[in-house]
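One structure below.
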Amino acid sequence: MRELYVGQCDQTDEKGGQHCFNYYILIDEIAYAGDLVCENYGVKISVPGGESASVPDVTLSAGRIEALAALLLRNCVTPSTLRDVVEDWL
């Protein structure tokens, strides 16, 4: 599985603490009968030196996973809420 870096979101909490989240698109290749290979996409959010969460196998569409990754980054979604956000998005 490959990871494609999408971006970083820096956020300050109500106590003034700084939080940094890195966003990735996960790319997995699926081989079918013969020479046919498809790419399957997922997403990952990680905190440098800390928590990480991923949701693989979200879609076969590159356009849809790019839209989801942009949504996650724009809204500064955290690793602990990633799965819920993806399930609502689906």
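Assorted remarks:
- Near pairs, Cβ below 8 angstrom, 6+ apart or cross-chain, from the stretch 46-62 (surrounded by fewer than 17 Cβ atoms within 10 Å (Cβ to Cβ)) to any residue that is in a loop (DSSP other than H, G, I, E, B) and not hydroxyl-bearing (Ser, Thr, Tyr): PRO56/MET1
- Matching residues in the stretch 1-26 - criterion: being of a type outside the set (S, T, N, Q) and out of contact with any helix residue (DSSP H, G or I) (no Cβ under 9 Å at 6 or more places or on another chain): MET1, ARG2, GLU3, TYR5, ASP10, ASP13, GLU14, LYS15, GLY16, GLY17, HIS19, CYS20
- Filter result for ASP28 (on the phi > 0 side of the Ramachandran plot, out of contact with any Pro (no Cβ under 6 Å at 6 or more places or on another chain) and in a strand (DSSP E or B)): no
- Some residue of the stretch 9-25 being in contact with a Gly (Cβ under 7 Å, 6 or more places away or on another chain) and surrounded by fewer than 17 Cβ atoms within 10 Å (Cβ to Cβ): no
- Test: residue in the stretch 27-38 that is under 15 Å from TRP89 (Cα atoms) and either modelled with pLDDT of 95 or more or in contact with a Phe, Trp or Tyr (Cβ under 7 Å, 6 or more places away or on another chain) (or both): no
- Residue count for the stretch 74-84 under the criterion of being part of a helix (DSSP H, G or I) and surrounded by fewer than 18 Cβ atoms within 10 Å (Cβ to Cβ): the result is 6.
- Scope the stretch 31-71; condition of a type in the set (Val, Ile, Thr), over 15 Å from ARG83 (Cα atoms) and not in a strand (DSSP E or B); matching residues: VAL47
The values are calculated or read from the model by the stated rules, or taken from the named source; none is laboratory data. Please read all numbers here as calculations on a predicted model, not as lab measurements. Glycine also receives a Cβ, built like all others from the backbone with ideal geometry; neighbour counts cover every protein chain displayed.
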